[in-house]
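Read the structure below first, then the notes.
The values are calculated or read from the model by the stated rules, or taken from the named source; none is laboratory data. These numbers were taken from a predicted model, which means no experiment stands behind them. All Cβ positions, even for glycine, are placed from backbone atoms using ideal geometry, and neighbour counts span all protein chains on display. Just so you know, the surface numbers come from the protein's heavy atoms only, side chains and all, with ligands and any DNA or RNA stripped out. Shrake-Rupley method; radii C 1.70, N 1.55, O 1.52, S 1.80 Å.
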Amino acid sequence: MKTHAFVRSNASRALENGRKKIEALNIRRHKKTNSLTLDNYNDSSSDDEELITRKNKNDNKICPDFSCYLYFLFAPTLVYRDEYPRNSRIRWNNVFSNFAQVIGAILYTHYIFSRFCIPVFKHFNTDSVTLKVFIQSILNCTLPGTLLLLVGFFAFLHCWLNAWAEMLRFSDRLFYKDWWNSSNFSNYYRTWNVVVHDWLYTYVYRDLFYLLGSKQKTLCQFGIFFISAVFHEYVLAFGFGFFYPLLFIQFGAIGFLCFFIKSSKNNNFMNLILWMGLLIGLGGLMCLYSMEWYARQNCPPSSDSKILDILLPRSFTCGMNNFQNKSFKYDQIKNEF
């Protein structure tokens, strides 16, 4: 994302710099060809040297140095600028405090998984999985899923980014806004992660808006959700080692539809609806991803092909076998409730 932002911001400037250099060389060749006397040639040569020197001095203003890219590579922002507002000094106490809180958040995340996730799902496919157990697992995962959301938000968007901003004396530290007070999902998406939102708006939405036109605003917004969903799914697929497009469906489809839900006059009620949606969605994500993870540990491969085994959810085949072997029928499902 940073590389795209750097190239996207400087491509036009580099092309303009190259065009000016070509023009300067053409002028020099033209003067050499049309020079009538040696004196005129020497005069034109001196003029050319002065012109080239002036162009070279302006090159640094047109194309940034490598130091600009290196600073941008570590700066807590995804939108490239040649210069950023800087503080006068580094407060190392804040740096160490933020990194210590990141470590504490990682340890607390380990506790959440050890307490709420591993004991529930580690025996997946060895115990009977019924519809009642499945629904209870989703509801039981709402609290730890929400805790993971808050801990991840605090650790990365607050502590980690502020620590790097302090070390680099980066003073523009609007990494998030008050998303917890949002009364609709559109405001939540804009304020949850300001860093990524600014990148999507600057380098994706504006380009799509320019290419498709103002009448295709909804299509531009869908493009934003689709690209973001693909990126999230890409990270999870390589992190887990299997393809399970649950987040892609939840974010790219359901999240896009929720984007158009407008807030009513009662903002408190809509804020409650938003938090209920987050609780259920996060609970479902944690439950289903945990089931798939332990299905990969306890269940046989769903296909002889390695590629198909990565793409096909193994928890579905294990669940279907359990449903058949454990007499998972409609009458017994009805009796469970």
Legend entry - Failed item, numbered, when N181 is tested on (1) in contact (Cβ under 8 Å) with a residue 24 or more places away in the chain; (2) touching a Leu at 6+ places or on another chain (Cβ under 6 Å): (2)
Inset, instruction - Test K265 against the criterion of being without any contact (Cβ under 8 Å) to a residue 60 or more places away in the chain, more than 18 Å from G284 (Cα to Cα), open to solvent by 50 Å² or more (accessible area, probe 1.4 Å) and assigned to a loop (DSSP other than H, G, I, E, B), and give yes or no. - result: yes
Legend entry - Selected residue [touching a strand residue (DSSP E or B) at 6+ places or on another chain (Cβ under 8 Å) and either under 21 Å from Y80 (Cβ atoms) or part of a helix (DSSP H, G or I) (or both)] from W164, W199: W164
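What number of residues in region 171-182 are open to solvent by less than 20 Å² (accessible area, probe 1.4 Å) and in contact with a Lys or Arg (Cβ under 9 Å, 6 or more places away or on another chain)?
Residues flagged as open to solvent by less than 20 Å² (accessible area, probe 1.4 Å) and in contact with a Lys or Arg (Cβ under 9 Å, 6 or more places away or on another chain) within region 171-182 amount to 2.
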Inset, instruction - State all residues of region 63-72 that are part of a loop (DSSP other than H, G, I, E, B) and open to solvent by 70 Å² or more (accessible area, probe 1.4 Å); if no residue qualifies, say none. - result: D65
Legend entry - Options L168, L143, L157, L107: the member that is open to solvent by 60 Å² or more (accessible area, probe 1.4 Å) and modelled with pLDDT of 90 or more: L107
Legend entry - Identity of the residue in region 245-262, aliphatic (A, V, I, L, M) and open to solvent by less than 70 Å² (accessible area, probe 1.4 Å), that ends up farthest from Y201 (Cα to Cα): L246
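Looking only at region 303-336, which residues are modelled with pLDDT of 70 or more and surrounded by 19 or more Cβ atoms within 10 Å (Cβ to Cβ)?
Quick first cut of region 303-336, residues modelled with pLDDT of 70 or more only: 303-318.
Across region 303-336, the qualifying residues are P313, R314, S315, C318.
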Inset, instruction - Enumerate the helices (runs of 4 or more DSSP H) found wholly within region 73-154, keeping only those where 3 or more residues are of a type in the set (G, A, S) and more than 24 Å from W275 (Cβ to Cβ). - result: 92-112
Legend entry - Pair list, Cβ < 8 Å and 6+ apart or interchain, from region 72-84 residues that are among the small types (G, A, S) to residues that are part of a loop (DSSP other than H, G, I, E, B) and surrounded by 13 or more Cβ atoms within 10 Å (Cβ to Cβ): A75/Y84; A75/L168
Inset, instruction - Return the residue satisfying two criteria in turn: it lies in region 82-99 and is surrounded by fewer than 12 Cβ atoms within 10 Å (Cβ to Cβ) and in contact with a helix residue (DSSP H, G or I) (Cβ under 9 Å, 6 or more places away or on another chain), and of such residues it is farthest from V194 (Cα to Cα). - result: W92
Inset, instruction - Tell me, yes or no, whether region 165-178 has at least one residue that is of a type in the set (D, E, K, R) and under 17 Å from the mean Cα position of the chain (by Cα). - result: yes
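Check L247, L288 and return the single one that is under 16 Å from F185 (Cβ atoms) and part of a helix (DSSP H, G or I).
On inspection, the qualifying residue turns out to be L247.
Working carefully through the options V129, V79, V120, V102, find the one that is in contact with a helix residue (DSSP H, G or I) (Cβ under 6 Å, 6 or more places away or on another chain), open to solvent by less than 90 Å² (accessible area, probe 1.4 Å) and at pLDDT below 80.
Of V129, V79, V120, V102, the one residue that is in contact with a helix residue (DSSP H, G or I) (Cβ under 6 Å, 6 or more places away or on another chain), open to solvent by less than 90 Å² (accessible area, probe 1.4 Å) and at pLDDT below 80 is V129.
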Inset, instruction - Just give me the residues in region 228-244 being part of a helix (DSSP H, G or I) and open to solvent by less than 50 Å² (accessible area, probe 1.4 Å), in sequence order. - result: S228, A229, E233, L236, A237
Legend entry - Hey, S183 closer than 25 Å to F6 by Cβ and touching a Phe, Trp or Tyr at 6+ places or on another chain (Cβ under 9 Å) or not: no
